[in-house]
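Have a look at the structure below before the remarks.
The values are calculated or read from the model by the stated rules, or taken from the named source; none is laboratory data. Model, not experiment: these values are computed from the prediction. Cβ: placed from backbone, ideal geometry, glycine included. Neighbour counts: every protein chain shown. We work out accessible area using only protein heavy atoms, side chains counted, and drop any ligands, DNA or RNA first. Shrake-Rupley method; radii C 1.70, N 1.55, O 1.52, S 1.80 Å.
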Amino acid sequence: MAVKTVERCSFCGRSKKEVEMLITGLNGCICNECSRQAYEMIEQNLKEMAKTSCSSSLNNIPKPKEIVEFLDQYIIGQEEAKKVLSVAVYNHYKRLGQTIEDDGVEIEKSNIVMVGSTGTGKTLLARTIAKLINVPFTIVDATVFTEAGYVGEDIESILTRLLQAADYDVEAAQRGIVFIDEIDKIARKGDNPSITRDVSGEGVQQGLLKLLEGSIVNVPPQGGRKHPDQKYIQVDTKHILFICGGAFEGIEKKIAMRLNTKTVGYSASRANMVRETNDMIKFVIPEDLKSFGLIPEIIGRLPLLTHLNKLDRAALRRILTEPKNSIIKQYVKLMKIDGVDLNFSEEVLDMIVDKAMESNLGARGLRSIVETIMIDLMYETPSTKKKKIDIDPAYAKEKLSTLNYDVQN
């Protein structure tokens, strides 16, 4: 009579009766306790491998020229801003990958502020660099923040979003990039310090100081106001790179006033006055940000200042078709998924650019115009058997006029 074999865990030797669950494989078994321990060991090993990989990638950071070459594939123009950002990012991550030496020299990080009108590519620059470096990246809007205790979001929610982008890996988050958009919207209302509460302006700037400079912050992982009883996660912002951007609408006038005060005589002043307003932005300095309403302390923690030029017609025309993820290429790919070849005539592309110049929305205006032209086709074409669509000027003009897209400046 054959003896019945007892199923046992191949790792710990316990029988099926001694454990809650025994998973049977082809040539062995594993119990629930051993599988749990194996999972924890694998998870710990993966974390160690990720840290090693991160350290290695920081030592192999792309050179500034390589970063600019990558940015050129996605962003047209803005050479000055690309140069400043590439050097800042390279130096920042070179600083993180440095070996510790007892020479008394500690390299400080250089946060960045970008000044440029809407649609010039501030957000796209920051997002593209984060894509290249492959670090956690988040975009936050400064307009939603208020001082603690008031309606709105706390400053710490910036780090909550960065943690979410890093899948709550604190080590990875502490090496990430945060893009704070609309930084100009938290400028204080007057030139003098506020004697009353400015809960969404000067108060928010004060709250940002500790994040920008570098400190250990207690971060509520799910947002502090909705879940007040949750455990806090400590995040050190010392190695987080902050990139701030804003349109700073009207700062050209402050730049013009500053330039005029440095001239002597009526003719010199008049010569400055005839400068193109669009060109004024390239003369921006930290003093102009202070005049606009940013407090000196926050300007000091944003030592790198660069500007983005307004996009002219030639730049918009290139943006429409040349970048890897250009708007036209996106719509061509969308239609190709349905088996349809989409073509835009040169005249239509010129018409789109003309409308974008009228709207004065920069590159953002291009998408809404193309969407206006394409909406009916994207609605009808999937239900037809068309294999090719050519957009001609007559069709584009009809769609734009039907939807009354003409913009008056």
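So what J values fall out for the range 310-323 if you push phi through Karplus, 6.51 cos²θ - 1.76 cosθ + 1.60 with θ = phi - 60°, rounded to Hz, Gly and Pro as x?
Working through the residues one at a time gives 5, 7, 8, 4, 4, 5, 4, 5, 6, 4, 5, 10, 7, x Hz.
List, in the order given, every pair from LYS329/LYS397; LYS282/LYS324; LYS329/LYS387 whose Cα-Cα distance in the structure shown is over 25 Å.
LYS282/LYS324
Just the number, please: carbon plus sulfur as a percent of the accessible area of the range 294-380, 1.4 Å probe, no ligands or DNA/RNA counted.
Looking at the range 294-380 in its full context, I get 53 percent from C and S.
Can you tell me the FRET efficiency between LEU259 and GLN164 if r is taken as the Cβ-Cβ distance and R0 is 51 Å, rounded to the nearest 0.05?
The value I calculate is 0.70.
Please work out the average accessible area per residue across the range 284-348, using the 1.4 Å probe convention, and give it in Å².
For the range 284-348, the per-residue accessible area is 50 Å².
Amide H neighbours of LEU304 under 5 Å, counting only residues 5+ apart in sequence or on other chains, H built in-plane at 1.01 Å?
ASN111, VAL113
Once you place label points 7 Å from the Cα toward the Cβ at LYS94 and GLU108, how far apart are they in nm?
Each label point lies 7 Å from its Cα, and together they span 1.9 nm.
Going through the cross-link list LYS82/LYS290; LYS94/LYS238; LYS185/LYS254; LYS109/LYS185, which pairs have a Cα-Cα distance over 19 Å in this structure?
Check vs 19 Å cut-off fails for LYS82/LYS290; LYS109/LYS185.
Once each part is reduced to its C-alpha centroid, what is the distance from the range 7-34 to the range 334-356 in angstrom?
One Cα centre to the other: 62 Å.
Per-residue HN-Hα couplings for the range 243-259, Karplus 6.51 cos²θ - 1.76 cosθ + 1.60 at θ = phi - 60°, whole Hz, x for Gly and Pro?
10, 10, x, x, 6, 6, 4, x, 5, 4, 5, 5, 5, 4, 4, 5, 5
How far apart, in nm, are two points set 7 Å out from the Cα along the Cα-to-Cβ line at LYS210 and at ILE42?
According to this spin-label approximation, the distance is 4.0 nm.
Given H placed on each backbone N at 1.01 Å, which residues far from GLU7 in sequence or on other chains put an amide H within less than 5 Å of it?
Here LYS16 satisfy the definition.
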